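The values are calculated or read from the model by the stated rules, or taken from the named source; none is laboratory data. Since the structure is predicted, the reported quantities are computational estimates derived from the model, not experimental observations. A quick note on method: Cβ atoms are made from the backbone with ideal geometry, for glycine too, and the neighbour counts reach across all protein chains shown. Ligands, DNA and RNA are stripped out before the accessible areas are found, and what is left, the full protein with its side chains, is counted by its heavy atoms. Shrake-Rupley method; radii C 1.70, N 1.55, O 1.52, S 1.80 Å.
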Amino acid sequence: MKKIVTLVLISAFIFACSKDDMVEEVQQDTDSLTQTEARNAEAESPAEILDFASFDELENFIRELQDSDTDLLDEAISRSAETGYQSLLYIYDADLATLDEKGIDMEKVPVVHSYDDMLHLLLNQNGEIKVANQIFRIDGEFVFQYEQGASDQISSFLDNYNTGEIRLEKGESQQISEELLVYRHNNDEDITGDLDKEATENQKGVTAYDYFSGGQYRMRSRQFNGFWLFYSNVGFSTKVQKRKRYWFFGWRYYWGTVKKYNRLNYNVVYTAHGTWAITYTAEAQGAKDCFCNIARRTIDWSVGVPVAPYYYSVDSGQSNHWAHEFSVTPNTVNRTFNY
């Protein structure tokens, strides 16, 4: 009798262990299957995305920031602290330790190749913004326009695109389904150098930057323009970055924006090419001089549906950029762009 009871207990124990293993395996499989769905649900959460009822509302939001000359990086930092909204502008300028504290995996953050800080402020950590019940997501070479709840179709599109079943040239768009439109943009800016948050101590950076003596500071000056389906822009910027050190599983280095005396002036002729509006050419001249994160001037921009009414090109003229760091000699660097 004791042997029978012992066998029963052993069998029960084995069954319980097997059942726990099965439950754990099923749970792991379920977690794996729902990871993408969870990320999509998070991306579409109103708390994590800027939500505008109309393009007029988005236009007013941008215009208010432009007219007030708001320091956009300060705005991004403030929104992160006060509302939990993590914009790409905030993420791109933070170090890995800070992002880890906020639960943000930099490897999962999309790269939006633009030097327009306004665009990066508009996009959340998934590269998304919501306007008039449509979500726009920018990731790599694509702009996705889709209805809420249809983000799983993006993965299907990418699979078909990568296998060659779908072909899409630069500047072309394709209606993949009733809920998903894909546009392959042809913007050619590359912000990879700015996003390297694991630079080694001796890394020199890229030749497009002007370095102060000693190499601890550099000026980044840019003329930017881009067309992102729902939004387009053209302008100029000057900023200073410092090579910073931080601890994240060992000492690491990255280039972070610092407030310095930044200047720019410009006198250019540019063309606004109409996508569904009348093309026009205009002259723009002005200057910006500030102790700030970035001296920025957007000389023209547009938003709209089904697409922004204009894309822009600078035809001729010049922009001049200066930055000052008084702890080194010489304390000024400058760059001139001729168009």
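Here is the figure for the stretch 54-66: residues that are more than 16 Å from Asp300 (Cα to Cα) and in a helix (DSSP H, G or I) total 3. Before we move on, is Thr281 open to solvent by 30 Å² or more (accessible area, probe 1.4 Å), modelled with pLDDT of 95 or more, assigned to a strand (DSSP E or B) and not small (Gly, Ala, Ser)? Yes: the conditions hold for Thr281. Of the helices (runs of 4 or more DSSP H) contained entirely in the stretch 67-152, those carrying at least 3 residues that are open to solvent by 10 Å² or more (accessible area, probe 1.4 Å) and over 25 Å from Val305 (Cα atoms) fall at 72-83, 88-93, 96-101. Applying the condition of being without any contact (Cβ under 8 Å) to a residue 60 or more places away in the chain and of a type in the set (A, V, I, L, M) to the stretch 174-194 and asking which residue is surrounded by the most Cβ atoms within 10 Å (Cβ to Cβ) yields Val182. Looking across the stretch 244-264, the residues that are open to solvent by 50 Å² or more (accessible area, probe 1.4 Å) and either of a type in the set (Lys, Arg) or part of a strand (DSSP E or B) (or both) come down to Lys244, Arg245, Trp247, Trp251, Arg252, Lys259, Tyr261, Arg263. Looking only at residues of the stretch 315-339 that are surrounded by 21 or more Cβ atoms within 10 Å (Cβ to Cβ) and in a strand (DSSP E or B), we find that the one that is farthest from the chain's Cα centre (by Cα) is Val333.
Condition test on Lys239, is it among the charged types (D, E, K, R), more than 30 Å from Ser173 (Cα to Cα), open to solvent by 40 Å² or more (accessible area, probe 1.4 Å) and touching a strand residue (DSSP E or B) at 6+ places or on another chain (Cβ under 6 Å)? Give the derivation first.
On the way: among the charged types (D, E, K, R): yes; more than 30 Å from Ser173 (Cα to Cα): yes; open to solvent by 40 Å² or more (accessible area, probe 1.4 Å): no; touching a strand residue (DSSP E or B) at 6+ places or on another chain (Cβ under 6 Å): yes.
Answer is no for this residue.
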